[in-house]
1. Between residue 148 and residue 212, what length comes free when the chain is fully extended (0.36 nm per residue of separation minus the Cα-Cα distance, one decimal in nm)?
2. Would you mind checking the tilt of helix 316-329 against the longest principal axis of the Cα atoms of the chain, expressed as 0 to 90 degrees and rounded to 10?
3. Please report Rg (one decimal) and Dmax (integer) in Å for the Cα set of the range 216-408.
4. What is the extension gain from residue 368 to residue 284, computed as 0.36 nm multiplied by their sequence separation minus the C-alpha to C-alpha distance, in nm to one decimal?
5. Rounded, prolate or oblate: which fits the range 200-248 when a ≥ b ≥ c are the square roots of the eigenvalues of the alpha-carbon gyration tensor, with rounded for a/c under 1.5 and prolate only if a/b beats b/c?
6. Once you order the gyration tensor axes a ≥ b ≥ c over the Cα atoms, which shape class does the range 185-325 get: rounded for a/c under 1.5, otherwise prolate or oblate by comparing a/b with b/c?
7. For the chain, find the longest principal axis of its Cα atoms and tell me its angle to the long axis of helix 55-73, 0 to 90°, nearest 10.
8. So, how do all the Cα-to-Cα distances of the range 59-215 break down into 10 Å bins, in percent, from 0 on up?
């Protein structure tokens with residue numbers, strides 16, 4: 001076939017184009033993931049996964065849940081930025097932002113745009129610093145991406161953002177346009193400075209919680225023990241061991257003193273004398289502040305994940321009691337799980353929620369005695385429809401863990 005001279009190129013021109021491409025700075029290119037989904041992580045010896053479905057089927061279910069989550073909640077926030085749509089009116093919070101950064105780094109490999117999303121989420125975080133510590137994130141913005149209700153931080157969002165940056169360093173390396181590892185260390189050091197009560201070695205509610213009412217309070221849903229261990233490993237700061245040890249102490253104090261029959265932990269905890277106890281009603285958010293409610297429903301996921309990754313058994317008695325109690329309470333049917341309980345097991349909730357039943361699947365992974373219960377929770381979670389940002393985020397993360405695809409720094 002005859003060539004059209006107008007569009008032909010010489011071999012010299014081809015060589016020049018190739019050379020120019022090779023000279024493009026690395027910072028403009030995205031890295032291939034080092035830990036692509038699915039990972040099929042080996043968890044602690046003696047732990048279990050769902051055994052009534054194949055690994056391939058579990059991986060596919062996680063992919064489908066991610067696709068649905070991304071379509072519903074991951075949105076652009078102007079040029080080069082992304083945010084997570086927390087409410088239908090377009091508001092967002094740092095908690096949601098941390099979830100978005102965690103999910104995108106974990107789903108890299110399956111989702112070819114994961115690093116683009118992650119970097120855009122990072123740029124949004126950078127654009128919304130806390131007024132108290134600029135390395136932490138202001139906790140809430142409206143649909144115009146303006147800070148509202150106080151430009152201070154929430155500890156859970158800060159922790160997930162920092163942890164996700166450590167994972168990003170493992171996933172893509174830190175030699176590109178963002179030094180993920182250094183950014184993560186900067187946030188970790190800021191958390192130690194502003195989100196940790198260093199007189200008690202407890203996690204504050206946020207960088208604002210320094211007055212007499214709140215300075216000695218903590219929130220069990222922030223007990224992300226595997227995050228804390230990663231923070232110590234990344235920075236070499238031995239003070240994190242103090243926080244880790246105190247967190248385990250509080251878990252066991254609450255379990256032994258207030259929920260020995262259920263293993264449930266309250267939404268908020270306060271220091272009374274030398275004892276940590278459930279907060280009173282309306283301490284911060286509502287009548288159920290001292291109960292197992294919409295904050296602490298995440299604790300079976302957060303605390304059990306550390307056991308699965310490290311084998312640290314200091315909270316295992318609490319987890320095992322909770323597993324035994326909840327499976328019996330609902331007769332092995334996750335559809336019977338209610339969205340709220342007192343620490344003695346009395347129902348306070350009025351309906352079902354994926355934010356409550358899905359995390360119980362993660363805690364069930366600690367022992368083979370929970371196999372049928374775990375299988376039931378997996379089936380319920382994998383087959384569930386969208387409920388809302390919060391529920392769907394927790395279901396996604398619970399499925400990532402249950403399917404064996406969580407990994408750590």
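1. Here the segment from residue 148 to residue 212 would lengthen by 20.6 nm.
2. It works out to around 80 degrees.
3. Final numbers for Rg and Dmax: 15.8, 47 Å.
4. Numbers: separation 84, 0.36 × 84 = 30.24 nm, distance 3.83 nm.
Here the segment from residue 368 to residue 284 would lengthen by 26.4 nm.
5. Numbers: a/c = 2.20, a/b = 1.89, b/c = 1.17.
Note, shape of the range 200-248 comes out prolate.
6. Details: a/c = 1.82, a/b = 1.12, b/c = 1.63.
Note, shape of the range 185-325 comes out oblate.
7. Taking the Cα atoms of the chain, the angle to 55-73 is about 80 degrees.
8. Result, from short to long distances: 12, 40, 34, 13, 2 percent.
Every number in this text was worked out from the coordinates using simple rules, so none of it is lab data. All values derive from a computational prediction rather than experimental measurement. Positions of Cβ are backbone-derived with ideal geometry, glycine not excepted, and every protein chain shown enters the neighbour counts.
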